[in-house]
Amino acid sequence: MKNQYKFWIVLSLVVAFGAGLIGGVFGERYYLQKRHARDNRGPAHFPSLEQMAQDLGLSADQQELIRKIFERNEARLKELRTDMHGRLMSIRAELKSEIDNVLTAEQKQKLEAMIEKYVAQRKREFGERRERDNQKQQQEKNKGEVR
C-alpha cells in the first residue's frame, strides 16, 4: 500500500515537471518570436533614391533632379531635427525640475541613478540596433553581389 502512494506521488511529480518543461519551452518560443517580430519592425522610412529608381524605373535625368530636391531640403530637415531636439531637451529639463521640487535629497539621488541607468540602456540598445542594421545591410549587399 505504501509503495502505491510513492508511485503516485513520483508519477505526479514527473507529470508536473513535464508539464512545466513543455509549458516553458512553448512559452519561451512564443515570447521570443513575438519579441523578434517587434525587433524587426523598424520605423518606416521614406524610400531612398536607389529604391525609387528601381521601383519606379526612373531615368538618369529624373534621378538627378530628385537628388537635387533631396539636397535642397536636407538643410531644412536638419534644422527641424535640431529645433525639435532642443525643444525636447527644454521640456525634459522643466519636467525634471518640477519633479525635483517634490523629491527629497535622497530620492533625487536615486532618480539620478535611475536616469543614468536608463540612458546607458538606451545607448546600448541603440548600438545593438545599429550593429544589427549594419549586418543586415552588409548581408543584403552581399546577396546583391552574389546574384
*Within the range 97-117, which residues are touching a residue at least 12 places away in the same chain (Cβ under 8 Å) and not β-branched (V, I, T)?*
L111
*In the range 1-40, which residue that is among the hydroxyl-bearing types (S, T, Y) and modelled with pLDDT under 80 is farthest from Q137 (Cα to Cα)?*
Y5
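The values are calculated or read from the model by the stated rules, or taken from the named source; none is laboratory data. Everything numeric here is computed off the predicted structure, so don't read it as measured data. A quick note on method: Cβ atoms are made from the backbone with ideal geometry, for glycine too, and the neighbour counts reach across all protein chains shown.
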